[in-house]
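**Student:** First, the structure itself, so that you have it in front of you.
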Amino acid sequence: MTTTGFDYILTRTLEASVREVWGAWTQAEQYGQWANAEDVTLNVRPGGDWSSVMVIPGGTRVPLSGRYVEVEENKHLVIGMSVPGREELSLMALDLAADGDRTRITLSQSFENAEEREQAEFGSNMLLDGLTTFLAAR
């Protein structure tokens with residue numbers, strides 16, 4: 001991914017194996033549970049499409065879609081999201097690394113301006129909070 005000066009990198013260590021974290025990101029039923037998403041479709045392969053309807057606090061439903069750009073099972077995903085008014089996808093990289101019985105997850109993105117970065121970073125922190133809670137309950 002190309003950096004633009006408006007980047008974020010979030011890293012957390014999760015109480016779950018790499019396999020469990022990968023499954024949570026790549027299996028539609030699991031993803032829907034922790035990401036507060038409905039109508040989830042995930043075709044996890046390079047060029048594969050994904051879609052979901054995120055249900056944000058207050059009940060607003062936000063349809064999202066895109067495609068997978070890079071897939072290295074249990075290690076690395078680059079997920080592209082369609083953004084209204086743009087031809088190119090907004091890319092987010094997800095990297096997983098074993099840390100004993102736990103997993104270090106890193107999410108990163110680059111943006112054209114600070115406002116977009118702040119919104120995406122906020123959303124990614126919410127995703128990681130949901131993922132952390134979901135995995136702790138297993």
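**Student:** Would you mind stating whether GLY130 is part of a helix (DSSP H, G or I) and open to solvent by less than 50 Å² (accessible area, probe 1.4 Å)?
**Tutor:** Numbers: part of a helix (DSSP H, G or I): yes; open to solvent by less than 50 Å² (accessible area, probe 1.4 Å): yes.
Judged against the criteria, GLY130 is a match.
**Student:** Of everything in the stretch 33-62 that's of a type outside the set (A, V, I, L, M, F, W, C), touching an Asp or Glu at 6+ places or on another chain (Cβ under 9 Å) and surrounded by fewer than 18 Cβ atoms within 10 Å (Cβ to Cβ), which residue is modelled with the lowest pLDDT?
**Tutor:** Going through the stretch 33-62, the residues of a type outside the set (A, V, I, L, M, F, W, C) turn out to be 33, 36, 38-39, 41, 43, 45-49, 51-52, 57-61.
If we keep only those that are touching an Asp or Glu at 6+ places or on another chain (Cβ under 9 Å) too, we end up with 41, 43, 46, 51-52, 61.
The next check asks that each one be surrounded by fewer than 18 Cβ atoms within 10 Å (Cβ to Cβ); those that pass are 41, 43, 46, 51, 61.
Values: THR41: 98, ASN43: 98, PRO46: 98, SER51: 98, ARG61: 94.
Residue satisfying both the conditions and the ranking: ARG61.
**Student:** If you don't mind, another one. Taking ASN125 as the residue in question, decide whether it is loosely packed, with under 15 Cβ neighbours inside 10 Å, under 12 Å from the mean Cα position of the chain (by Cα) and in contact (Cβ under 8 Å) with a residue 12 or more places away in the chain.
**Tutor:** Details: loosely packed, with under 15 Cβ neighbours inside 10 Å: yes; under 12 Å from the mean Cα position of the chain (by Cα): yes; in contact (Cβ under 8 Å) with a residue 12 or more places away in the chain: yes.
Yes; evaluated as a whole, the condition is true for this residue.
**Student:** Checking the condition touching a residue at least 24 places away in the same chain (Cβ under 8 Å) and either among the acidic types (Asp, Glu) or farther than 20 Å from VAL18 by Cβ (or both), which residue from ASP49, ASP99 passes?
**Tutor:** Values: ASP49 fails: touching a residue at least 24 places away in the same chain (Cβ under 8 Å).
Just a single option satisfies the conditions, and that option is ASP99.
**Student:** Moving on. If you go through the stretch 89-117, how many residues are more than 15 Å from PHE6 (Cβ to Cβ), among the acidic types (Asp, Glu) and not in a strand (DSSP E or B)?
**Tutor:** 1
**Student:** If I filter the stretch 71-88 down to residues being part of a loop (DSSP other than H, G, I, E, B) and under 19 Å from LEU127 (Cα atoms), which single residue comes out as modelled with the lowest pLDDT?
**Tutor:** Looking only at the stretch 71-88, we keep the residues that are part of a loop (DSSP other than H, G, I, E, B), and these are 73-75, 82-88.
Filter once more, so that each one left must be under 19 Å from LEU127 (Cα atoms): 74-75, 82-83.
Values: ASN74: 98, LYS75: 98, SER82: 94, VAL83: 85.
Going through the qualifying residues, I end up with VAL83.
**Student:** If I ask for residues that are modelled with pLDDT under 95 and among the β-branched types (Val, Ile, Thr), which ones from the stretch 3-16 would you list?
**Tutor:** Once the filter is applied, which keeps residues that are modelled with pLDDT under 95 and among the β-branched types (Val, Ile, Thr), the stretch 3-16 yields THR3, THR4.
**Student:** Moving on to the next point. Which residue out of ARG19, ARG67 is surrounded by fewer than 17 Cβ atoms within 10 Å (Cβ to Cβ) and modelled with pLDDT of 95 or more?
**Tutor:** Working: ARG67 fails: surrounded by fewer than 17 Cβ atoms within 10 Å (Cβ to Cβ).
Of the residues listed, the single one that is surrounded by fewer than 17 Cβ atoms within 10 Å (Cβ to Cβ) and modelled with pLDDT of 95 or more is ARG19.
The values are calculated or read from the model by the stated rules, or taken from the named source; none is laboratory data. Since we're looking at a predicted model, the values are computed, not measured. FYI the Cβ positions are ideal-geometry reconstructions off the backbone, even for glycines, and counts take in every protein chain you see. Keep in mind that these areas ignore ligands, DNA and RNA; they rest on the heavy atoms of the full protein, side chains included. Shrake-Rupley method; radii C 1.70, N 1.55, O 1.52, S 1.80 Å.
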